[in-house]
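The values are calculated or read from the model by the stated rules, or taken from the named source; none is laboratory data. It should be emphasised that the depicted structure is a prediction, and the values quoted were computed from it without experimental measurement. In this analysis, Cβ positions are derived from the backbone assuming ideal geometry, glycine residues included, and neighbour counts consider all displayed protein chains.
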Amino acid sequence: MHNEPVTDAEIQAYLDGELDLRQRFAVEHHLAGDPEAAARFMADVELRTSLRLMAEEPGEPPVEMVEAAARLAARLNAARTAGWAQIFGRPIMRMAAAAVLLAVIVIPARNVLASPPDFVGDAVDAYHTGLLRATMVSQVETPRLDAKEVQRSTRIRVPRLPARWVVTDAQIVPTGDGPALQLMLNSPGDERMSILIVRADTESPEEPTAVRHAGASVAYWREGEMSYALAGEGEPEAVDSAAEDIAADNI
């Protein structure tokens, strides 16, 4: 059982779909016994649903969304004035999440999802495994890649990489959507990253969208029948920018 008090971070992770079944039960049990926390939770759910509706129906934002943006902006300004102290009993990480939501309201939305598709989790697992494999003497990295053989065997098109990106390891790995190609990469800035490519109709946007997931930043998108997920340790904005460079080279 979950004997420690449920934190706002855990509630946020629940909303992001990052908790296992036991952790989800602990959050639900906490909310069932705390009407105030449950009301805040439902307000967050409502706002996320509104964002998804805005993405599906582009145009002038509803009045309710504009008002919500104004409230979020006021709270962020108050937090800044208070030295990023807790506001309304919520820790500052919730204020940071509010800033992200405000940016989505103000900036024309892409395809906003309440949670990323399952293959994003596969991409993070593959990335962490690739980092582990690189530290093991018995696990030899295989940078050689025959794009024609990969496409013939898996029907996966190997993406073109921007200049000065280097493939350090190439593996076929299993995912919930079928076999995928994983490439461990060194970026021009010498960052270790991983791209997972799967031939599947995933719920990914047509332009890269970055999220934090299970300790990594992941930008995911699709091009026709191919879905891509670029994972790294940098900030989501940096990974998103790198993903846009890769996507632009494969249009």
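Here is a check on your reading of the model: is Val239 under 25 Å from Gln12 (Cα atoms), among the β-branched types (Val, Ile, Thr), modelled with pLDDT of 90 or more and out of contact with any helix residue (DSSP H, G or I) (no Cβ under 7 Å at 6 or more places or on another chain)?
Answer is yes for this residue.
For segment 223-236, name all the residues that are under 22 Å from Gly130 (Cα atoms) and not aromatic (Phe, Trp, Tyr).
Residues satisfying the conditions are Met226, Ser227, Ala229, Leu230, Ala231, Gly232, Glu233, Gly234, Glu235, Pro236.
Residues being modelled with pLDDT under 80, of a type in the set (A, V, I, L, M) and surrounded by 13 or more Cβ atoms within 10 Å (Cβ to Cβ): count how many of those fall in segment 104-123.
5
Quick grid of which residues meet (1) at pLDDT below 85; (2) assigned by TED's automatic domain parsing to the domain that holds Ala242; (3) touching a Leu at 6+ places or on another chain (Cβ under 7 Å):
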position: Arg94; (1), (2), (3): yes, no, no
position: Ala98; (1), (2), (3): yes, no, yes
position: Leu102; (1), (2), (3): yes, no, yes
position: Asp125; (1), (2), (3): no, yes, no
position: Leu132; (1), (2), (3): no, yes, no
position: Gln139; (1), (2), (3): yes, yes, no
position: Ala147; (1), (2), (3): no, yes, no
position: Arg152; (1), (2), (3): no, yes, no
position: Arg157; (1), (2), (3): no, yes, no
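Looking at (1) touching a Leu at 6+ places or on another chain (Cβ under 6 Å); (2) free of Cβ contacts under 8 Å to residues at least 40 places away in the same chain, find the lone condition where Glu223 falls short.
All conditions are met except number (1).
If we only count strands (runs of 3 or more DSSP E) wholly inside segment 146-241, which ones have 2 or more residues that are of a type outside the set (Val, Ile, Thr) and crowded, with 23+ Cβ neighbours inside 10 Å?
Working: elements: 166-173, 180-186, 192-199, 209-213, 216-223, 226-232.
In segment 146-241, the matching strands (runs of 3 or more DSSP E) lie at 180-186, 192-199, 216-223, 226-232.
Considering each residue of segment 185-194, count those that are among the hydrophobic types (A, V, I, L, M, F, W, C) and without any contact (Cβ under 8 Å) to a residue 60 or more places away in the chain, and give that number.
Residues that pass the stated criteria total 1.
Within segment 193-222, which residues are closer than 18 Å to His128 by Cα, among the polar types (S, T, N, Q) and over 10 Å from the mean Cα position of the chain (by Cα)?
Result: Ser194, single match.
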